[in-house]
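Have a look at the structure below before the remarks.
The values are calculated or read from the model by the stated rules, or taken from the named source; none is laboratory data. What you see is a predicted model, and the numbers here were worked out from it, not measured in a lab. Positions of Cβ are backbone-derived with ideal geometry, glycine not excepted, and every protein chain shown enters the neighbour counts.
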Amino acid sequence: MFDGATLVYRYDGSFEGLMSCVFASYEEKEIPLDILPPEGQPGLFDTLKTIETDPQKAQRVYDSIPIKISLEAQELVRLGFLTCAPQKERLIFLFLRLGYKVGGNVMGMLTDEHVNALQKAVQNL
């Protein structure tokens, strides 16, 4: 288990790949500092961990969103991935972590910087 201080995930850039990162984070009990697409550049002292896309694990994460959070959250995550927001992967990841903790109430937590940024990014699509 990494301490998380410098852990960075790299994924293939697909939506399934991002959902696989969410699964890996829970499975390994680690919180990455960032989640980078293939062209993303890690920091000099970052520990880079490549997460392979697993369609079954990705589907499990995606299917859990409306059950544990809400259908609206699932749609926000899907649309959020289509945005050009900087660090959209990290925003989605942190939104999901918070949503899994507090449930559907996350959709109204606009004072949370990550929820707010993700919702604004989707509004600007």
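Which condition breaks for residue 48 when tested against (1) more than 30 Å from residue 110 (Cβ to Cβ); (2) touching an Asp or Glu at 6+ places or on another chain (Cβ under 9 Å)?
Of (1) more than 30 Å from residue 110 (Cβ to Cβ); (2) touching an Asp or Glu at 6+ places or on another chain (Cβ under 9 Å), only one is false for residue 48: (2).
In the set 67, 31, 51, which member is β-branched (Val, Ile, Thr) and within 18 Å of residue 13 (Cβ to Cβ)? Show your work before the answer.
Working: 67 fails: within 18 Å of residue 13 (Cβ to Cβ); 31 fails: within 18 Å of residue 13 (Cβ to Cβ).
One residue alone meets the criteria, 51.
Just give me the residues in the stretch 106-125 being part of a loop (DSSP other than H, G, I, E, B) and surrounded by 10 or more Cβ atoms within 10 Å (Cβ to Cβ), in sequence order. If you could, list the steps in order and put the result at the bottom.
First, pick out the residues of the stretch 106-125 that are part of a loop (DSSP other than H, G, I, E, B): 109-112, 124-125.
Selection gives 109, 110, 112, 125.
Which one of these does residue 101 not meet: (1) modelled with pLDDT under 95; (2) part of a helix (DSSP H, G or I)?
(1)
Scan 75, 89 and give me the residue that is among the acidic types (Asp, Glu), surrounded by 14 or more Cβ atoms within 10 Å (Cβ to Cβ) and part of a helix (DSSP H, G or I). Walk me through it before giving the result.
Working: 75 fails: surrounded by 14 or more Cβ atoms within 10 Å (Cβ to Cβ).
Step by step, each of 75, 89 is checked, and only 89 is among the acidic types (Asp, Glu), surrounded by 14 or more Cβ atoms within 10 Å (Cβ to Cβ) and part of a helix (DSSP H, G or I).
Would you tally the residues in the stretch 71-125 being of a type in the set (Val, Ile, Thr) and under 19 Å from residue 8 (Cβ atoms)?
1
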